[in-house]
Number of protein chains: 4
Amino acid sequence: MTSKFLNLHKEKQQRILNAALNEFANKGFDRASTNEIVKSAGISKGLLFHYFNNKKELYLFLHEYFIEILMKEFFTSEHFAERDVFERLKKIMISKSHLMKKYPEIFDFYMSAYIETSSEIKNELTSSHFDLMARSYSRIFENIDTSKFKEGIDMNKAIDIISWTLEGYGNQVMSGVKGLRNSEADFTREFAEADVYIDMLKRAFYK
Amino acid sequence: MTSKFLNLHKEKQQRILNAALNEFANKGFDRASTNEIVKSAGISKGLLFHYFNNKKELYLFLHEYFIEILMKEFFTSEHFAERDVFERLKKIMISKSHLMKKYPEIFDFYMSAYIETSSEIKNELTSSHFDLMARSYSRIFENIDTSKFKEGIDMNKAIDIISWTLEGYGNQVMSGVKGLRNSEADFTREFAEADVYIDMLKRAFYK
Amino acid sequence: MTSKFLNLHKEKQQRILNAALNEFANKGFDRASTNEIVKSAGISKGLLFHYFNNKKELYLFLHEYFIEILMKEFFTSEHFAERDVFERLKKIMISKSHLMKKYPEIFDFYMSAYIETSSEIKNELTSSHFDLMARSYSRIFENIDTSKFKEGIDMNKAIDIISWTLEGYGNQVMSGVKGLRNSEADFTREFAEADVYIDMLKRAFYK
Amino acid sequence: MTSKFLNLHKEKQQRILNAALNEFANKGFDRASTNEIVKSAGISKGLLFHYFNNKKELYLFLHEYFIEILMKEFFTSEHFAERDVFERLKKIMISKSHLMKKYPEIFDFYMSAYIETSSEIKNELTSSHFDLMARSYSRIFENIDTSKFKEGIDMNKAIDIISWTLEGYGNQVMSGVKGLRNSEADFTREFAEADVYIDMLKRAFYK
DNA sequence: TATGAATGAGTTTTCATTCAT
DNA sequence: AATGAATGAAAACTCATTCAT
């Protein structure tokens with residue numbers, strides 16, 4: 001279906017994808033206007049529907065398309081070389097922050113996709129693409145170095161606590177940093193306190 | 001303005017409020033249809049606008065109206081009698097779960113309000129009602145018994161970890177329970193594991 | 001029909017009439033809102049329709065009611081004592097200007113009535129009330145002193161020219177004076193030039 | 001913006017313009033219904049708003065569009081070749097009458113535009129298009145042959161009187177002729193009396 | 001006499017989608 | 001492949017009028 005689209009000039013493809021991404025990211029599925037998309041992509045109304053039969057297919061295509069870009073950069077092997085759970089989760093937290101700075105529109109899009117309430121869309125999303133995200137998510141905890149934990153600790157639960165803590169802390173930081181999106185920050189300063197939390201939990205769970 | 005509305009038959013009031021609550025909870029501000037609301041409330045189109053001058057006022061009224069119902073039940077004094085931070089947060093977590101079971105539509109409504117992207121609404125919400133919620137939220141950590149913590153622990157950070165953990169755990173449980181919303185569960189079974197997490201953190205932070 | 005209305009407290013009558021007059025004067029028949037009228041008259045919706053069965057009857061009643069107030073002051077005998085056509089028309093022009101200053105709303109109302117395009121209203125007006133105005137208008141030229149005109153002059157045409165001239169001049173002046181409505185002007189200054197026009201025509205038509 | 005519209009089939013353009021012109025001429029801006037316009041133009045509701053973004057733009061477009069048609073025919077150079085003020089004004093009066101017979105709807109439209117009270121429209125009109133009309137109007141008195149006037153006559157005032165007279169006479173005639181709009185009259189008979197008025201004033205003001 | 005809740009057809013405008021060119 | 005004219009259902013909101021109290 002969309003193979004037609006993929007044969008297009010790369011540059012035109014990008015214009016269309018970016019126009020759509022921004023519109024959906026800003027307004028969500030229902031409020032997004034195909035009129036705005038074609039206008040800011042500089043193509044005709046008919047052409048959009050020539051490639052993607054309808055709004056929904058366009059949305060779903062974007063979801064699939066950009067997930068790859070994100071995943072490719074996010075799940076680099078380097079994270080998984082690190083077998084210490086604290087270090088790995090901290091790296092992932094920071095790496096996620098960098099991605100949010102680099103591709104804010106894509107993150108906005110997925111954020112809006114996550115909370116998408118449009119009944120038309122909701123079902124399709126949960127069943128197909130979020131599955132992928134969920135599966136990828138589980139890789140985060142693969143092949144952790146378990147030898148460092150104290151004896152008698154319920155390791156899965158310890159890892160839960162560690163990841164909830166880093167997630168909570170990450171959210172706190174990022175919500176404070178939002179305004180600074182364009183700054184040159186490399187997040188070293190912003191995430192400095194992370195080590196305090198990490199130490200507290202290391203003392204609790206590590207030998 | 002809305003005093004007109006409050007003089008109505010209680011039963012009619014409820015029909016209108018529930019119809020609106022459900023529509024907004026399901027679809028968010030923009031997609032919600034006043035047509036649907038009047039249809040499911042069994043009143044005429046004109047009447048809705050007789051009481052609430054426009055869609056926005058109706059939405060804001062709902063926000064204000066249901067917040068009280070929720071707050072009254074949620075912030076009972078009994079939570080704050082408990083000075084042990086673990087016990088208090090566990091009680092609050094369970095109490096929140098009970099409310100979610102009792103008033104799922106109201107929770108859905110506030111969830112959708114929280115992520116509301118409609119620019120018309122966003123500003124009004126953050127400035128007025130969410131302030132109340134934020135202020136109430138901070139009460140959760142008031143007057144905690146600090147004497148139980150180990151010497152040398154950064155207590156605020158410890159409390160952060162505790163609440164992120166219980167929140168994370170609570171979300172995990174509730175997302176698993178969603179389908180069972182109407183069940184008779186009193187959550188004793190569902191939250192049994194909470195104590196494991198609590199013990200792990202108590203051992204880390206308490207004397 | 002409206003005898004009900006005339007038995008009301010004079011003060012309440014006035015509140016209603018003024019509220020309606022202003023609304024119609026400002027917005028014309030169609031755009032005038034009965035809601036606004038009852039609000040600014042401080043009465044209930046039902047009551048307005050109790051007295052005047054519908055918007056149209058209210059409008060027609062106003063037309064009839066205020067015409068009398070205006071006519072009574074406008075067609076004072078004093079104008080008609082003056083038999084010199086120039087003097088009479090000048091007096092009438094000035095007298096009209098004074099009325100416009102004294103009752104601007106009533107003039108606005110009749111102005112808007114004159115140009116009323118609402119098909120509902122147009123027919124009723126032309127047939128009944130404007131007839132009265134037309135008949136009254138013809139009195140303006142009654143019993144003129146014809147002895148002053150030059151021999152061989154078509155007197156009716158001369159009078160046409162005189163009245164078109166004074167009307168044209170009056171309109172020119174009043175459109176310039178509009179902003180000054182509330183000033184204390186007695187129009188002596190504003191109409192000073194009238195005498196120049198009058199002299200030019202006297203020289204042409206009078207012996 | 002409206003260039004889209006001008007690329008349409010001429011015939012369809014005309015259908016739309018005429019439908020709109022008539023509706024606005026009959027009812028004024030506020031009461032005019034876009035529903036009626038599309039119905040009598042035989043197009044869909046959406047199409048009207050595809051070309052003109054909203055009712056106001058449509059109205060303003062009509063104002064601009066028809067003014068040209070009118071102006072082109074009205075301000076022919078032939079009027080201004082005639083330097084005798086009486087002849088020029090008589091020609092203009094007659095020419096105006098012919099236009100009123102030829103394009104009664106356009107005249108009705110501009111009449112209704114002139115008295116338009118809708119606040120949305122009023123400001124836009126006065127500032128732009130009526131300026132043009134005012135400027136064109138002033139051309140009427142340009143380059144008059146002043147040598148014919150008696151010495152000592154205030155020529156500007158004389159011209160005022162002449163034009164008020166011909167205007168007054170013209171209105172009188174046209175209001176009597178209204179019913180006969182479709183007649184074949186070339187107005188020679190109707191305006192025969194004009195010469196009597198003209199002679200009376202010539203005797204007064206000309207050498 | 002007086003109220004104001006209630007109606008529903010009406011308003012302008014938006015929007016995804018189709019289709020002849 | 002590409003255009004953009006065309007559709008019509010749906011949106012929020014208004015308003016004169018009615019009627020039970």
Practice prompt. Considering each of D:Lys45, D:Lys72 in turn, give the residue that is among the basic types (Lys, Arg), within 16 Å of DNA strand F (Cβ to nearest atom), open to solvent by 60 Å² or more (accessible area, probe 1.4 Å) and more than 21 Å from D:Glu116 (Cβ to Cβ).
Written response: D:Lys45
Item to complete: Give me the pairs, please: first residue somewhere in the stretch D:186-206 and within 10 Å of another protein chain (Cβ to nearest Cβ) and exposed (fewer than 14 other Cβ atoms within 10 Å of the Cβ), second residue anywhere and part of a helix (DSSP H, G or I) and among the basic types (Lys, Arg), beta-carbon distance under 9 Å, and either six or more positions apart or on two chains.
Response: D:Val196/C:Lys157
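Just to be sure before I move on: is C:Lys4 farther than 25 Å from C:Lys102 by Cβ and either assigned to a helix (DSSP H, G or I) or under 21 Å from the mean Cα position of the chain (by Cα) (or both) in the structure I sent? Spell out the reasoning first.
Working: farther than 25 Å from C:Lys102 by Cβ: yes; either assigned to a helix (DSSP H, G or I) or under 21 Å from the mean Cα position of the chain (by Cα) (or both): yes.
Spelling it out, C:Lys4 is indeed farther than 25 Å from C:Lys102 by Cβ and either assigned to a helix (DSSP H, G or I) or under 21 Å from the mean Cα position of the chain (by Cα) (or both).
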Practice prompt. Would you check which residues across the stretch A:88-112 are closer than 20 Å to A:Ser138 by Cβ and in contact (Cβ under 8 Å) with a residue 24 or more places away in the chain and list them?
Written response: A:Arg88, A:Leu89, A:Lys90, A:Ile92, A:Met93, A:Lys96, A:Leu99, A:Tyr110
Worksheet item: Among the residues of the stretch A:146-162, which ones are at the interface with chain B (Cβ under 8 Å from one of its Cβ atoms) and either more than 15 Å from B:Ile162 (Cβ to Cβ) or modelled with pLDDT under 95 (or both)?
Response: A:Ile153, A:Asp154
Worksheet item: Restricting the search to the stretch D:4-34, which residues are closer than 24 Å to D:Ser119 by Cα, open to solvent by 70 Å² or more (accessible area, probe 1.4 Å) and without any contact (Cβ under 8 Å) to a residue 60 or more places away in the chain?
Response: none
Item to complete: Answer yes or no: is there a residue in the stretch A:129-145 that is modelled with pLDDT of 90 or more, in a helix (DSSP H, G or I), over 30 Å from B:Glu23 (Cβ atoms) and charged (D, E, K, R).
Response: no
Worksheet item: From the list D:Phe86, D:Phe66, D:Phe49, which residue is touching a strand residue (DSSP E or B) at 6+ places or on another chain (Cβ under 9 Å) and not polar (S, T, N, Q)?
Response: D:Phe86
Item to complete: Take A:Glu36 and decide whether it is within 26 Å of D:Asn53 (Cβ to Cβ), touching an Asp or Glu at 6+ places or on another chain (Cβ under 7 Å) and away from DNA strand F (no atom under 16 Å from the Cβ).
Response: no
Fill in: Test result for C:Glu87, within 30 Å of C:Leu201 (Cβ to Cβ) and surrounded by fewer than 16 Cβ atoms within 10 Å (Cβ to Cβ)
yes
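Sort out which residues of the stretch B:103-119 are in a helix (DSSP H, G or I) and surrounded by 13 or more Cβ atoms within 10 Å (Cβ to Cβ), and write them in order of number.
Residues satisfying the conditions are B:Pro104, B:Glu105, B:Ile106, B:Phe107, B:Asp108, B:Phe109, B:Tyr110, B:Met111, B:Ser112, B:Ala113.
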Worksheet, complete the sentence: Checked the stretch A:29-64 for anything more than 8 Å from DNA strand E (Cβ to nearest atom) and within 14 Å of chain B (Cβ to nearest Cβ); matches are A:Phe29
Discussion item. Return the residues of the stretch B:121-165 that are within 14 Å of B:Leu89 (Cβ to Cβ) and crowded, with 16+ Cβ neighbours inside 10 Å; say none if nothing qualifies.
Written reply: B:Ile140, B:Ile144, B:Ala158, B:Ile159, B:Asp160, B:Ile161, B:Ile162, B:Ser163, B:Trp164, B:Thr165
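Which residues, taken from the stretch A:163-177, are in contact with a Leu (Cβ under 7 Å, 6 or more places away or on another chain) and facing chain B (nearest Cβ under 7 Å)? Quick ask: steps written out before the conclusion?
Initially, the stretch A:163-177 is screened for residues in contact with a Leu (Cβ under 7 Å, 6 or more places away or on another chain), giving A:163, A:165-166.
Matches in the stretch A:163-177: A:Thr165 only.
The values are calculated or read from the model by the stated rules, or taken from the named source; none is laboratory data. Quick caveat: nothing in here was measured; it's all calculated off a predicted structure. Every residue, glycine as well, gets a Cβ built from its backbone with ideal geometry; the counts of neighbours run over all protein chains shown. Surface areas here come from the heavy atoms of the whole protein model, side chains and all, with no ligands, DNA or RNA. Shrake-Rupley method; radii C 1.70, N 1.55, O 1.52, S 1.80 Å.
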